[in-house]
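All remarks here apply to the structure that follows.
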Amino acid sequence: MNKKIIIFITMLSIMSSIEVNSDDSSINQHQKQYEDIAMKIWELAEVGYQEYESSKLLIDSLKGHDFEITEGVADIPTAFIAEYGTGYPTVAILGEFDALPGVSQSSSPYRENGSNENAGHACGHHLFGAGSAWTAVAVKDWMKNNNIKGTIRFYGTPAEEGGSGKVYMARSGLFDDVDIVLHWHPGSVNHARPRTSNANKSVKIKYKGISAHAASAPHKGRSALDGVEALNMMTNLMREHIPQESRMHYVITKGGLAPNVIPEEAEVYYYIRHPDKDIVEELFLRVIKAAEGAAMGTETQMSYEVMHGNYSLMPNNTLQKIMHKNLEDRGGIKYTDAEVEYAETIMKSFIDNDSEIGDQEKILNYRMTHGYGSTDVGDVSWLVPTAGARIATWVPGTSAHSWQAVASGGMSIGLKGTKLAVEVLTDTAKHIYLNPSIVEESKKELSDRIGKDFNYIPLLGDRKPPLNYRNN
């Protein structure tokens, strides 16, 4: 027999043995450490770009597992990269850890105020960050124990919620030498489907007027709030004349403090979404044109600041099929009797719910789907082949960005889902290291999808990271 063939068969035999004989001992060994970290990050509930303690918890843990740490990347103090190993392929695991403002922290199955009234983990990023770091450690242990060549990285990515932390990291070239990116996200179901999303661009629009007494001298004032309200009226009329897949939503972040004082300053914060990033740009320019018209009509001055911008998710079937198979092999989430009682109590608070206890045990079938939300994972997925999973860390039927998501993520249901995510991502990473041809297959698929003329230009332009965007 040809010597090269014998060597090749021997390598296949060794790799098969590694795959069959590998177990979950490392995952189980580090379970308590990373569950504790998840709950500490949950209690901290630090908002975007201010996750100093949360970031440090993850950094310190990874240092303790022999990862080389690079802190403060992309001019973001809370962003970091942890790396172990050398050579090809380089697999990156993404981890988020920012909370949302205006959500109370409590694990009670009833709506009540918690210890932190300013922010809460209503999107489960405490589980996301800790679970992904846990995955990186489990993969590193496996590589070390089995003498596997390659590089494993954990990317600590701040401010996903409206801050586009990953976009600044991508813009800085931090993913240029990465071969594969894996991620996951908390949810109320289990799936590893190929998925698209909406691209998104946000903007704060400010109006400057003239203050005066609203009763005795209204003719001497010009209301900045009138500018905001005129803009909102025009954009609401605009909804009739935009593509139906679009989404526009806003909050008035500043509108005055006293009814008898004509507001001198006012501000409105817009999100503009569509599956196509080019249409997002078109809609953004239409909103700005309306904002200029509102300023003219109210005799106020208008200025604006782009806050963030995300591409849509780019699906990769080559990777998603592997992750889906691993999720199917692992199965769903089993509740204890106490967890069933907890879940049933939570579900009574839902306005509209077609879910039921037991859905968390299922794996949704494999098909292409579209999500109407947005994520800064999108930009990464246009640059590097990317695969992700949605794992049931919340009671079935729970909406993200809700108090119910905060509650489930603060108790055993959330932690059970996190462990499943770790298992699935670890299995997927192992599969890639043992079958490196997957890397080139997934890269070809990405290249075919984006087209040969694609040039990455971030939707947020060349602005610096808005490190204080949650301060006002």
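The values are calculated or read from the model by the stated rules, or taken from the named source; none is laboratory data. What you are looking at is a predicted structure, and each value in this text was computed from that prediction instead of being measured. Here the Cβ positions follow ideal geometry from the backbone for every residue, glycine too, while neighbour counts run over all protein chains shown.
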request  = Using the structure shown, decide if residue 223 is out of contact with any Leu (no Cβ under 7 Å at 6 or more places or on another chain) and crowded, with 24+ Cβ neighbours inside 10 Å.
outcome  = yes
remark   = Picking from 347, 368, the residue that is over 16 Å from the mean Cα position of the chain (by Cα) and farther than 30 Å from residue 454 by Cα would be 347
inquiry  = Looking at segment 335-361, I want the residues that are without any contact (Cβ under 8 Å) to a residue 24 or more places away in the chain and have a partner that is in a loop (DSSP other than H, G, I, E, B) with Cβ atoms under 6 Å, at least 6 apart or on another chain. Which pairs are those?
reply    = 340/357
message = Looking only at segment 266-305, how many residues end up being in a helix (DSSP H, G or I), more than 30 Å from residue 454 (Cβ to Cβ) and either in contact with a helix residue (DSSP H, G or I) (Cβ under 8 Å, 6 or more places away or on another chain) or among the basic types (Lys, Arg) (or both)?
response = 7
task = Considering only segment 436-472, state which residues are surrounded by fewer than 19 Cβ atoms within 10 Å (Cβ to Cβ) and touching a Ser or Thr at 6+ places or on another chain (Cβ under 6 Å).
result = 441, 445
task = Looking only at segment 344-396, count how many residues are closer than 22 Å to residue 422 by Cβ, surrounded by 21 or more Cβ atoms within 10 Å (Cβ to Cβ) and among the hydrophobic types (A, V, I, L, M, F, W, C).
result = 9
Count - residues of segment 327-356 that are part of a loop (DSSP other than H, G, I, E, B), modelled with pLDDT of 95 or more and not basic (Lys, Arg) = 5
ask   = Restricting attention to segment 387-433, which residues are part of a loop (DSSP other than H, G, I, E, B) and either among the hydroxyl-bearing types (Ser, Thr, Tyr) or not assigned by TED's automatic domain parsing to the domain that holds residue 363 (or both)?
value = 393, 398, 399, 402
